[in-house]
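One structure below.
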Amino acid sequence: MTQAYINRIATTVPDDDVHNAFVAFADQMLEDPRVQPVFRRMAQRSGIRRRFSVLSPNAANTEFTVNANEFYTRGSFPDTARRMEIFERFAPRLARRTLDKLSLTNTERRGITHVLVTSCTGLYAPGLDFDILDHLNLDTTVERTMIGFMGCYAAINGLKQARHIVRSEPDAKVLMVNLELCTLHLQETQELEQVLSFLVFGDGCAATLISADPTGFAMDSFRAVLLPETRSLITWRIGDAGFDMFLSGKVPGAIGGGLAAAGGEALGPHQPGNIALWGVHPGGKSVLDAVERGLGLASDALAASRQTLECFGNMSSATVMFVLERLMQTAKPGDLGCAMSFGPGLTAETMLFHAA
């Protein structure tokens, strides 16, 4: 059976770092003086230093910028149509920057047979798949697949589909783009738990080339682990004022307990100590702490995930590819790896791989 490889990854974020601006804004939005110090303390402990957005905290509204303070005016937050208008304007720009960074050769462009796109933060049609074809001047016969609304684990599902394609068509070259503009979905609320969920999210994009060429990371196997009685802990629905996320504070505990019980199922024949490369989706500091405890990992095992969280926050489906890009820079041939992302279900999507 043909082996499929993640040949290389490129990642990009928008220009504006909005983390500190958001903390200040959210602190003012929370009107209860008893809640504000709790929020500040949680922000300090978040493990996040920077997050980026297509919305600018300072610039005036122009064709190329949208002022975040005007977009999110208290008492008049934008409706879903306005948020999708911004997604349609800015998502293709971020995708183009990321694709340029992937530096595909002319031969590689001509060889692309499939384009996969994941996103749960925006949609329009004709969509990002057409923008990608146009930007790279790909043949119109390239097969396009959109993987939508799966949340943070969608990239793992995209890689799974790419592996199926390459295994069935050994000459296939798959281009996967994971693009999320999470900051378009801030809600005006006094609920601390909801504001804390907004605290971790940023915008970002990853582009990945997958083929049978034996370079990069070889994708060995995939497994989805559905944690029982957790269906209500993460929800994501389209509302009148953007997409409504509910992220329960019970998620880290459920992940830690679930992995402690089912970790062997997720890792197949491997023991945690045999895995050198951990590409865990940084859903938040508490999530990474829970994974570390649940699998009994060394304190530095999730360094790439913690660095990604610190520098970019949680960018939903794109985030795990940022982590894998970091791991690819230091991996040694033969190193075993495990990628893992969490999302609605509550589901842990895992991929076992090794460095070629």
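The values are calculated or read from the model by the stated rules, or taken from the named source; none is laboratory data. Values in this document were obtained by computation on a predicted structure and should not be read as measured data. No Cβ is skipped: glycine too gets one built from the backbone with ideal geometry, and neighbour counts run over all protein chains shown. Side chains are part of the model used for accessible areas, which takes the heavy atoms of the whole protein and leaves out ligands, DNA and RNA. Shrake-Rupley method; radii C 1.70, N 1.55, O 1.52, S 1.80 Å.
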Tally, over the range 42-82, of residues that are among the β-branched types (V, I, T), surrounded by 13 or more Cβ atoms within 10 Å (Cβ to Cβ), within 14 Å of L186 (Cβ to Cβ) and free of Cβ contacts under 8 Å to residues at least 60 places away in the same chain: 1
Helices (runs of 4 or more DSSP H) lying entirely in the range 1-104 (those with 2 or more residues that are in contact with a strand residue (DSSP E or B) (Cβ under 7 Å, 6 or more places away or on another chain)): 68-71, 80-102
Test for L227: is it within 21 Å of M328 (Cβ to Cβ), open to solvent by less than 60 Å² (accessible area, probe 1.4 Å) and not small (G, A, S): no
Meets criteria (touching a Lys or Arg at 6+ places or on another chain (Cβ under 6 Å) and small (G, A, S)) for A10: yes
Whichever residue in the range 16-39 is at pLDDT below 95 and charged (D, E, K, R) and, among such residues, is most open to solvent (accessible area, probe 1.4 Å): R34
Filter result for V287 (assigned to a helix (DSSP H, G or I) and open to solvent by less than 10 Å² (accessible area, probe 1.4 Å)): no
First in the range 326-347 and hydrophobic (A, V, I, L, M, F, W, C), second anywhere and surrounded by fewer than 22 Cβ atoms within 10 Å (Cβ to Cβ) and part of a loop (DSSP other than H, G, I, E, B), Cβ under 7 Å, 6 or more apart: M328/G216; L336/H270; L336/I275; L336/A276; C338/I275; L346/L227; L346/T230; L346/L233
Qualifying residue in the range 92-105 (condition: free of Cβ contacts under 8 Å to residues at least 12 places away in the same chain and β-branched (V, I, T)): yes
The listed residue being more than 22 Å from F87 (Cβ to Cβ), of a type in the set (G, A, S), in contact with a helix residue (DSSP H, G or I) (Cβ under 9 Å, 6 or more places away or on another chain) and not in a helix (DSSP H, G or I), out of A172, A206: A172
Members of the range 178-196 found to be out of contact with any helix residue (DSSP H, G or I) (no Cβ under 6 Å at 6 or more places or on another chain) and buried (at least 20 other Cβ atoms within 10 Å of the Cβ), listed by number: T183, H185
Complete set of residues in the range 105-131 that are buried (at least 21 other Cβ atoms within 10 Å of the Cβ) and either part of a loop (DSSP other than H, G, I, E, B) or in contact with a Phe, Trp or Tyr (Cβ under 6 Å, 6 or more places away or on another chain) (or both): I112, C120, T121, G122
Counted residues, the range 296-325 - those being of a type outside the set (S, T, Y) and surrounded by fewer than 20 Cβ atoms within 10 Å (Cβ to Cβ): 10
Top-ranked residue in the range 290-309 [being part of a helix (DSSP H, G or I) and among the aliphatic types (A, V, I, L, M); ranked as farthest from L196 (Cα to Cα)]: L295
The range 247-284: number of residues that are open to solvent by 40 Å² or more (accessible area, probe 1.4 Å) and assigned to a strand (DSSP E or B): 1
